[in-house]
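Undergrad: Structure below; questions to follow.
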Amino acid sequence: MNLHFCEIIEKRFACKAFNDKEINKDDLDFILNAGRLAPSTCGFEPWKFVVVSKRDNTSLSKICFNQENVATASHNIILLARTDLQAKDDYIKKQISRICPPDNEKKFNQVLNAYTYETNTLNDEQLYAYAKSDCYLALMQMALAAMSRGIDSCMIGGFEKDKVDSFLSLGYPFQTAVILSLGYRRDEPKYDKVRLNIDEVVIYY
Ligand SMILES: Cc1cc2nc3c(=O)[nH]c(=O)nc-3n(C[C@H](O)[C@H](O)[C@H](O)COP(=O)(O)O)c2cc1C
């Protein structure tokens, strides 16, 4: 199944329970690659995507308030936010060196300082929030990629963060940002989309 973009955004919904069908490897790779290709602030790509298979659904669901979508998913993708996003950090130096060769030290430092102008002033909590907002872009891109192949999803922000961090044995610089449960719907959505009207959200300035 390859859906038109308008159908994809209309058909995607927050799926509350999945059936037993598993997502095949080709589709899973397609979804993960859509996340990899998502835009990010300054091109930092401040993320990693951890694929959790069915075997661990019960343990994961327990720390996601027993949500049924997490418990029944074919796969849960845990998006990690990384917080080593300052000029001092090797990861960012590596990211910048892709667009500005480090052999020209003066130019490299200029670009490095310009790109990290904002992150250099942030504390750990703020760096997490900064990276998390980029993770949401990857999240959306993966959800839409999934729907384009007829695969349903639910974005999961309802989890006990410290427990999910421990479940994955995370340490600096990674923290859990958000989860995407993926699979095939068990039931049709119970409601039509509930949204504000276009004139309630758009302002022509
Ligand atoms: C960041 C984020 C976190 C969310 N967390 C949950 C969640 O923990 N459980 C859940 O069932 N839905 C969750 N949702 C889904 C929203 O409730 C849902 O997208 C919204 O009500 C609109 O419905 P729709 O996606 O079906 O159009 C989350 C959505 C977002 C964007």
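Coordinate-derived values only; no laboratory data. As the structure is a computational prediction, the values presented were derived from the model and not from experiment. Using ideal geometry, Cβ is built from the backbone for each residue, glycine included, and neighbour counts are taken over all protein chains shown.
Undergrad: Report the Cα centroid-to-centroid distance between the range 107-123 and the range 156-205 in angstrom, as an integer.
TA: Cα centres, the range 107-123 to the range 156-205: 30 Å.
Undergrad: Further, regarding this structure: Amide H neighbours of residue 178 under 5 Å, counting only residues 5+ apart in sequence or on other chains, H built in-plane at 1.01 Å?
TA: 79
Undergrad: Something else about it: Where in the range 104-205 are there trypsin sites (Lys or Arg not before Pro) that are in a DSSP coil and have at most 11 other Cβ atoms within 10 angstrom of their Cβ?
TA: Numbers: sites: 106, 107, 132, 149, 161, 163, 185, 186, 190, 193, 195; in loops: 149, 186, 190, 193, 195.
Loop-located and lightly packed - 190, 193, 195.
Undergrad: In the range 13-151, what is the volume of the convex hull around the alpha carbon atoms, normalised per residue and reported in Å³?
TA: It comes to 126 Å³ per residue, whole-number rounded.
Undergrad: If you don't mind, another one. Select from 153, 169, 181 the residue whose mean-square fluctuation is largest in a Gaussian network model of the chain (Cα-Cα springs shorter than 10 Å).
TA: 169
Undergrad: When a/c reaches 1.5 or more, the comparison of a/b and b/c decides; with that in mind, is the range 57-105 rounded, prolate or oblate per its Cα gyration tensor?
TA: Judged from the Cα gyration tensor, the range 57-105 comes out prolate (a/c at least 1.5, a/b above b/c).
Undergrad: So, R0 is 30 Å and r is the distance between the beta-carbons of residue 66 and residue 162; what FRET efficiency does that work out to, to 0.05?
TA: 0.95
Undergrad: With the chain treated as a Gaussian network of Cα nodes joined by springs under 10 Å, which of 143, 131, 38 yields the largest mean-square fluctuation?
TA: 38
Undergrad: Rounded to whole Hz and in sequence order, give me ³J(HN,Hα) for the range 95-108 from the Karplus expression 6.51 cos²θ - 1.76 cosθ + 1.60, θ = phi - 60°, writing x for Gly and Pro.
TA: 5, 5, 5, 6, 10, 8, x, x, 5, 8, 4, 5, 5, 4
Undergrad: Also: Could you pull out the trypsin sites (Lys or Arg not before Pro) across the range 1-46 that fall in loop regions by DSSP (anything but H, G, I, E, B) with no more than 15 other Cβ atoms inside 10 Å?
TA: Counting only loop positions with at most 15 other Cβ atoms within 10 Å, the trypsin sites (Lys or Arg not before Pro) in the range 1-46 are 21.
Undergrad: Further, regarding this structure: For the range 21-85, rounded, prolate or oblate, judged on the Cα gyration tensor with a ≥ b ≥ c (square roots of eigenvalues), a/c < 1.5 rounded, else prolate if a/b > b/c?
TA: Oblate, since a/c reaches 1.5 and b/c is not below a/b.
Undergrad: Report the relative contact order of the range 2-115, percent, no decimals, based on alpha-carbon pairs under 8 angstrom and at least 6 residues apart.
TA: It comes to 25 percent, rounded to a whole number.
Undergrad: For the range 71-170, which chymotrypsin sites (Phe, Trp or Tyr not before Pro) are both in a DSSP coil and crowded by at most 16 other Cβ atoms within 10 Å?
TA: Qualifying residues, ordered by number: 117.
Undergrad: Which whole-Hz couplings ³J(HN,Hα) result when phi for each residue of the range 150-158 is put into the Karplus expression 6.51 cos²θ - 1.76 cosθ + 1.60, θ = phi - 60°, listed in order with x for Gly and Pro?
TA: Once θ is set to phi - 60°, the couplings for the range 150-158 become x, 9, 8, 7, 9, 6, 10, x, x Hz.
Undergrad: So what J values fall out for the range 80-89 if you push phi through Karplus, 6.51 cos²θ - 1.76 cosθ + 1.60 with θ = phi - 60°, rounded to Hz, Gly and Pro as x?
TA: Each residue of the range 80-89 in turn: 9, 9, 10, 10, 8, 10, 10, 4, 6, 8 Hz.
Undergrad: Would you calculate the separation in nanometres between label points at residue 88 and residue 58, each defined as 7 Å from the Cα along the Cα-to-beta-carbon direction?
TA: In this crude label model, residue 88 to residue 58 measures out at 4.5 nm.
Undergrad: Find how much the distance from residue 105 to residue 198 grows on full extension, using 0.36 nm per residue of separation minus their present alpha carbon separation; answer in nm with one decimal.
TA: Stretched out fully, the residue 105 to residue 198 stretch lengthens by 28.5 nm.
Undergrad: Amide H to amide H, which residues 5 or more places from residue 186 or on other chains are under 5 Å from it, using H placed in the peptide plane?
TA: Excluding prolines and chain starts, which carry no amide H, the hits are 17, 18, 19.
Undergrad: Fewest first, what order do 121, 72, 83 take by the number of other Cβ atoms within 10 Å?
TA: Starting with the residue having the fewest Cβ neighbours, the order is 121, 72, 83.
Undergrad: Next up: Need one number: nm distance between label points at residue 26 and residue 140, each 7 Å from Cα along Cα→Cβ, rounded to one decimal.
TA: Going by the 7 Å Cα→Cβ label model, 3.0 nm.
Undergrad: For residue 13, what residues show an amide H to amide H distance below 5 Å, using hydrogens built from the backbone and excluding near sequence neighbours?
TA: Under 5 Å from the amide H of residue 13 lie the amide H atoms of 153, each far enough along the sequence or on another chain.
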